[in-house]
Amino acid sequence: MKLKSLHKTMLSIVLAGGAAATTLAQIPLPPLPPGLNVRITTGRPPAPRREVRPARPGPEYVWVGGFYDNDRGRYGWIPGRWERRAAPDAYWIPARYVRTARGTIYEPGHWSNQQLVVEDDIRQNRDWRRHERMHERELERERNRDYWDRDRQ
């Protein structure tokens, strides 16, 4: 008798779990942080502005230079600022603008430990692939900075 009730209990748990799993699958995932999407824009960004750095608020702060952010085809200036590192080994990657025949590929400024969102149509762009190869070389140099600095001495 106990075995039969145990089977019923287990069956009801499995069925309830399955129903919960299908319900959870329908809950939308939260959106990624705003502004980390790589996009193709029309036109070039304006010339960079000259900035005056205020005094550093503390030794743990890093200067994040100002840049033009592209939102729906319009460029807006994001002023430079002092920020704490996102992680102990993170560094700031400034915004990048890659000119192509179809427009300008805009990669927003971000910390090295943040993941950019690159849509498939941009990934297939030849100019973007070339830019990615150059970016990978830069990252490799950054990771092996001691090696590269030794060669220059």
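The values are calculated or read from the model by the stated rules, or taken from the named source; none is laboratory data. For clarity, every value in this text was computed on a predicted model and none was experimentally measured. Every residue, glycine as well, gets a Cβ built from its backbone with ideal geometry; the counts of neighbours run over all protein chains shown.
Of the conditions (1) of a type in the set (Gly, Ala, Ser); (2) surrounded by 14 or more Cβ atoms within 10 Å (Cβ to Cβ); (3) over 19 Å from TRP111 (Cβ atoms), GLY65 fails just one. Which one is it?
Failing condition for GLY65: (3).
State whether the residues of the stretch 94-114 include one that is assigned to a helix (DSSP H, G or I) and not charged (D, E, K, R). Walk me through it before giving the result.
Step one: filter the stretch 94-114 for residues assigned to a helix (DSSP H, G or I), giving none.
Within the stretch 94-114, not a single residue is assigned to a helix (DSSP H, G or I) and not charged (D, E, K, R).
Can you report the number of residues in the stretch 68-85 which are exposed (fewer than 13 other Cβ atoms within 10 Å of the Cβ), modelled with pLDDT of 85 or more and in a loop (DSSP other than H, G, I, E, B)?
Number satisfying all stated conditions: 1.
As an exercise: evaluate VAL98 against (1) closer than 23 Å to ARG126 by Cα; (2) surrounded by fewer than 14 Cβ atoms within 10 Å (Cβ to Cβ); (3) not acidic (Asp, Glu) and give the number of the one condition it does not meet.
In the conditions (1) closer than 23 Å to ARG126 by Cα; (2) surrounded by fewer than 14 Cβ atoms within 10 Å (Cβ to Cβ); (3) not acidic (Asp, Glu), VAL98 misses (2) alone.
One line per residue, one yes/no per condition, for (1) more than 22 Å from GLU132 (Cα to Cα); (2) small (Gly, Ala, Ser); (3) modelled with pLDDT of 85 or more; (4) out of contact with any Gly (no Cβ under 8 Å at 6 or more places or on another chain):
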residue: THR9; (1), (2), (3), (4): yes, no, no, yes
residue: THR41; (1), (2), (3), (4): no, no, no, no
residue: ALA87; (1), (2), (3), (4): yes, yes, yes, yes
residue: PRO94; (1), (2), (3), (4): no, no, yes, no
